[in-house]
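Student: Take a look at the following structure, please.
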Amino acid sequence: MSISACFPTSFLLVLMLTTIANGQPLIPALFIFGDSIVDVGNNNYLKTIVKANFLPYGRDFNNTPTGRFCNGKLATDFTAENLGFATSPLPYLTIKKGNGTIPLTGANFASGSSGYDTDTPKLYHTLPLGEQLEYYKEYQQKLSALVGQSNASSIISESIYLISAGNSDFVQLYYIDPFLNKLYSTDQFSDSLLASYAQFVKDLYRLGARRIGVTTLAPLGCLPTVITLFGEGIQDCIQEMNQVAVSFNNKLNSSSQDLQNSLNGLKLVILDIYNPLYKLIKNPSDNGFVEARRACCGTGLVETAILCNPKSPGTCRNASQYIFWDGFHPTQAANKILADELIASGISLIS
């Protein structure tokens, strides 16, 4: 029986805070895979237009554009802090370009505009999940050389792995490719993505991962970019696209349960992004926000960040009043709320 089965979540949170107060992270390391929701700068090193290494990105991150698609911290930055780490894991390509020494506390392999479908990153010249996995294998080899195989195995099995993907597959591939969305129904496309997801989890498991958290799709129909491109003049969420996300998330839950049942010792937890973000969007004032439709920066037409730049007209002064920073990504203020939800839903990963 796990600790979480014996004690309520509130008690576990107290234990977490006590451990962190003593200067010890709750887990040895944190590894992150996926797309622009969690990319902290890997795309800076790629020949892609999907970049955020210029102002006003990073405006509230010591006025430093790091490659995060946000004005400040991502939800995973706050999650790393909640787990007791001094900083969020570095982008692996930064580590790779450095002196070769790897941090023992993990790495971030995510790449903006990546996804479960290999055509999504191919279209935008970013890192597919398969390539992210190859970089992780490289990290493992360096880790074993640094601390020995036995210590490396312990770090690998006791660490947490976060996966965030799927949103770009729909918004930046399926819905803009007339051939694809005529050839495949949303259900068929979802099934294809979930097959890739299941294989990725199995690959991580074979490499020693035992604690994996995967985020759901966001409410796609509420993203400023999506409303602008597909809303046909409406200003509210596109419920049809939200239903696609809900259907996918239900299948993701079922697929994850099957994986957990079939892979001995695996903890695989669904981290719900959809409902917390939807609540923020529908009731922004409950959390101190004033704007849920327009993005703070840019016009919300594309995710590629071209329209959010130093010359963007009307970039808001106070991003903390906005749920969305650009047309696709939440602000630091919204990310903080989402991160608090993630740590609560992922409590079993650290118990």
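Student: Tally time: how many residues in region 136-147 are within 12 Å of Leu104 (Cβ to Cβ) and either surrounded by fewer than 15 Cβ atoms within 10 Å (Cβ to Cβ) or aliphatic (A, V, I, L, M) (or both)?
Tutor: Final tally of qualifying residues: 3.
Student: For Gln235, which of the numbered conditions (1) within 24 Å of Arg211 (Cα to Cα); (2) surrounded by fewer than 18 Cβ atoms within 10 Å (Cβ to Cβ); (3) of a type in the set (S, T, N, Q) fails to hold?
Tutor: (1)
Student: Exactly one of (1) surrounded by fewer than 19 Cβ atoms within 10 Å (Cβ to Cβ); (2) closer than 18 Å to Cys308 by Cβ is unmet by Val50. Its number?
Tutor: (1)
Student: Hey, Ala80 hits all of (1) under 26 Å from Ile27 (Cβ atoms); (2) part of a helix (DSSP H, G or I); (3) over 14 Å from the mean Cα position of the chain (by Cα); (4) modelled with pLDDT of 95 or more but one; which does it fall short on?
Tutor: Unmet condition: (3).
Student: Another question, then. Taking the options Phe85, Phe61, name whichever one is touching a strand residue (DSSP E or B) at 6+ places or on another chain (Cβ under 8 Å) and in a loop (DSSP other than H, G, I, E, B).
Tutor: Phe85 is the lone residue from the list that is touching a strand residue (DSSP E or B) at 6+ places or on another chain (Cβ under 8 Å) and in a loop (DSSP other than H, G, I, E, B).
Student: Taking Ile273 and the conditions (1) surrounded by fewer than 17 Cβ atoms within 10 Å (Cβ to Cβ); (2) in contact (Cβ under 8 Å) with a residue 40 or more places away in the chain; (3) within 26 Å of Arg68 (Cα to Cα), which numbered condition does it fall short on, given that it satisfies the others?
Tutor: For Ile273, the failing item is (1).
Student: Sticking with this one: Which residues, counting only those in region 219-239, are more than 23 Å from Ile270 (Cβ to Cβ) and either at pLDDT 95 or above or of a type in the set (Phe, Trp, Tyr) (or both)?
Tutor: Phe230, Ile238
Student: When region 157-184 is examined, which residues are found to be touching a Gly at 6+ places or on another chain (Cβ under 6 Å), surrounded by 22 or more Cβ atoms within 10 Å (Cβ to Cβ) and either free of Cβ contacts under 8 Å to residues at least 12 places away in the same chain or not acidic (Asp, Glu) (or both)?
Tutor: Leu162, Ile163, Ser164, Ala165, Ser168
Student: Oh, and also: Being touching a strand residue (DSSP E or B) at 6+ places or on another chain (Cβ under 6 Å) and in a helix (DSSP H, G or I) narrows it down to one of Gln243, Gln260, so name that one. Step through it out loud before you land on a result.
Tutor: Values: Gln243 fails: touching a strand residue (DSSP E or B) at 6+ places or on another chain (Cβ under 6 Å).
Criteria check complete, one pass: Gln260.
Here's the yes/no breakdown for (1) surrounded by fewer than 20 Cβ atoms within 10 Å (Cβ to Cβ); (2) not polar (S, T, N, Q):
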residue	(1), (2)
Phe78	no, yes
Asn82	no, no
Ser88	no, no
Lys97	yes, yes
Gly100	yes, yes
Phe109	no, yes
Lys122	yes, yes
Glu131	yes, yes
Glu134	yes, yes
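Student: Condition first: of a type in the set (A, V, I, L, M, F, W, C) and without any contact (Cβ under 8 Å) to a residue 60 or more places away in the chain. Now tell me which residues in region 78-94 satisfy that.
Tutor: Ala80, Ala86, Leu90, Leu93
The values are calculated or read from the model by the stated rules, or taken from the named source; none is laboratory data. Computed from a predicted structure; not experimentally measured. Note that each Cβ is placed from the backbone with ideal geometry, even for glycine, and that neighbours are counted across all protein chains shown.
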